[in-house]
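Since every read-out is calculated from the coordinates, none of them should be taken as a lab result. Remember, it's a predicted structure, so these values are computed and weren't measured experimentally. For neighbour counting, all protein chains shown are included, and Cβ atoms are generated from backbone atoms with ideal geometry for every residue, glycine included.
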Amino acid sequence: MTIVFMCVLLGVLALRLTQLQGFSASTYAAQAEAERLRTIVLPAVRGAITDRSGHTLAQHVELRAVYANPTNVKDVGATARKLAPVLDDSVAELTTRLTDPTRHIKFVYLARGLTPDVAKKVSALQLHGIGITEERGRTYPAGPLAANVVGFMRRGDGDVLEGAGGLELAYDKVLRGTDGLRRLEANPEGIEIPSSQSRQRDPVPGSALRLTLDRDIQWNAQQAIAGAVRSSEADGGTVVVMDPRTGDILAMADAPEFDPRNITAADNAALGNRSTRDAYEPGSVNKIITMAAALDRGLITSETPLTIPPSIIRGGVRIKDAEEHGVEHLTTAGVLARSSNIGTVEIAERVGRPALEQALRAFGLGAKTGLHFPGEGTGLLPPAKDWSGSQAATISYGQGMSATALQMASVYATVANGGVRVPPRLVDAITGPDGTVQVTPHLPGQRVISAQTASTLGRMLEAVATNEGTAPLAEVPGYRVAGKTGTANRADPVHGGYDGYVSSFIGFAPADDPKVVVEVVLDNPKKGYFGGQVAAPVFQGVMSFALTTLGVPQPTTKPSPLLLDLDK
């Protein structure tokens, strides 16, 4: 009986051995090779983002992650106790992550975003089942500076760190480069077998971006708008600083701001870029387009007289000026300087609806600016054929339509540039991993109004920033300033109608040879809301700093006098 049992047992073993060696050998060999082979991703260095002078705004940083293969951890408690002080974690938390009752989990992160020094300390512990891998890291040396432009990073599909906002998102493929790979053989503990062969494909670094932003002007603009939002108790605000000749954006500042190094749920409202994303009814700053359309068609001059009644009715809606008055007799220059809604409507009616719409679109309203910034809006500009009687009047002074801050800054840059609209520009150059510099071309400008019309408008706008206009607080000592206030009813997107105000000031200097355009917008200020009261002082501070930083000399010319009020 024993002999029979032994024969049967040997037969079973022979059959099993035949199966393993003959029929399943290749399968088991493949499984063994798969267990032995490891593929390690070698993260590419992400390209840096700098300002126009090379000051770093975002850069790659070497980081490490510590992981575990719980099936290979021999003593969970001892491993957790040794790792806890190095990883600044609790023994209990590490024990939970290291414990695998199923014995099937082969990879779990224990800590991420570590410095190489911490990783070396973990490696020195020589713990079974514990490994270290490289990670892509991103740091922002200047913190919140230009964060609304530069953007931020988040982990996406496959746990890969990728651009999630701003230029980090728009240029993600350019910045990220190409990861490398290393294939090696390792023992069950994950340690490389010394005598084994390995193959490696080196990573290719990403390209770097050099922006048109000026770090110092950006910093000053952020401080200025943050202070104005606090003092006026506004919901938020934005500042745009541009070179009207090139379209280069020197600053684009938002308040509230956020820190891309540590984004929390509380920052969600601040993420993005107000200047390109948020559309608002611009109010009186839009009057410059109505004036431009009439001047360019020869319908008015700066001295054309107009009679301004206390109010007018258009489309069943009563239209008044900001301040009550009797019958006034102003020139067109006076209408702009005093920001008369009634006078602007009278001029718009000389232009006509189709021509006014044509002018608004020629200045870039109702369309994206060409900046190609993520989330950029177009604003809202209905076709003239759809305007109601009241809307045809209110659009002439910036209500009943909407625009972004960047669009309106571009309008004033067009006037400052002699009537030629140049698309805004934010990326100055891209430097490849081989050091090749590719300068972003300046797109050709498009003439919107004649040089003579632009010159006349500039002179008319100078009267605004004086004691005779609505914004004496915008004056910059030593420089000629041209600009316009805006105080618009704020549309309520939730309940409809209007709720609060949007206050703004846009201008350029020196008025006789413009080098800088500055726009200030405050959303729903509660302590004062007139543009000349809350936005003009911010303009004054930002413009003064920009002119000084850029070394713009004070002009030697003086403005010629303009007749504003025919009753004086």
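General remarks:
- Cα→Cβ-extended label distance, 7 Å offset, between residue 297 and residue 429, nm: 4.6 nm
- Residue among 544, 326, 48 farthest towards the positive dipole end of the chain, charges placed on Cβ: 48
- Per-pair calculated FRET efficiency, R0 = 25 Å: residue 182 and residue 89 via Cβ, rounded to 0.05: 0.30
- Segment residue 126-residue 96, extension gain: residue separation times 0.36 nm, minus the distance between their alpha carbons: 8.8 nm
- Full extension of the chain between residue 568 and residue 204 gives 123.8 nm of extra length, using 0.36 nm per residue less the Cα-Cα distance.
- Virtual paramagnetic centre 7 Å along Cα→Cβ of residue 154, amide N under 15 Å, in the stretch 228-259: 259
- For the stretch 414-504: Kirkwood Rh in Å [reciprocal of mean 1/r, alpha carbons]: 17.0 Å
- Positive-pole candidate from 226, 91, 531, dipole of the chain, charges at beta carbon: 91
- Zone of residue 447's modelled label, taken as backbone nitrogen in the stretch 415-440 under 19 Å from a point 7 Å along Cα→Cβ: 415-423
- Cα centre as origin, Lys/Arg/Asp/Glu Cβ charges: the stretch 78-168 dipole, Debye: 300 debye
- Mean separation of Cα contacts under 8 Å (6+ apart) over length of the chain, as relative contact order %: 15 percent
- Farthest positive-ward along the chain dipole, Cα basis, beta-carbon charges - from 207, 362, 518: 207
- Each helix, a run of at least 4 DSSP H residues, gives -39500 (n - 2.57); summed and divided by the residues of the chain, these come to -9000 deg cm²/dmol at 222 nm.
- Alpha-carbon centroid distance for the pair the stretch 278-346 / the stretch 140-182, whole angstrom: 47 Å
- Cβ charges +1 (Lys, Arg) and -1 (Asp, Glu), total dipole of the chain, debye: 1180 debye
- Between the labelled values [x] 1.16; [y] 1.03; [z] 1.20, the entry that holds Rg/Rh (Cα atoms, Kirkwood Rh) as derived from this structure is [z].
- Put in line by how crowded their Cβ is, counting other Cβ atoms within 10 Å and starting with the fewest, 127, 175, 250 read 127, 250, 175.
- Unsatisfied cross-links (Cα-Cα over 29 Å) in the set 82/173; 287/385; 527/558; 287/526; 526/558; 287/368: 82/173; 527/558; 526/558
- Taking label positions 7 Å along the Cα-Cβ direction at both residue 41 and residue 320, the computed distance is 6.4 nm, reported to one decimal.
- Which of 109, 140, 479 has the fewest Cβ neighbours within 10 Å, and the rest in rising order: 109, 479, 140
- Size of electric dipole in the stretch 294-366: Cβ of Lys, Arg +1 and of Asp, Glu -1, about Cα centre, debye, nearest 20: 280 debye
- For the stretch 506-547 versus the stretch 406-446, the gap between their alpha-carbon centres in whole angstrom: 22 Å
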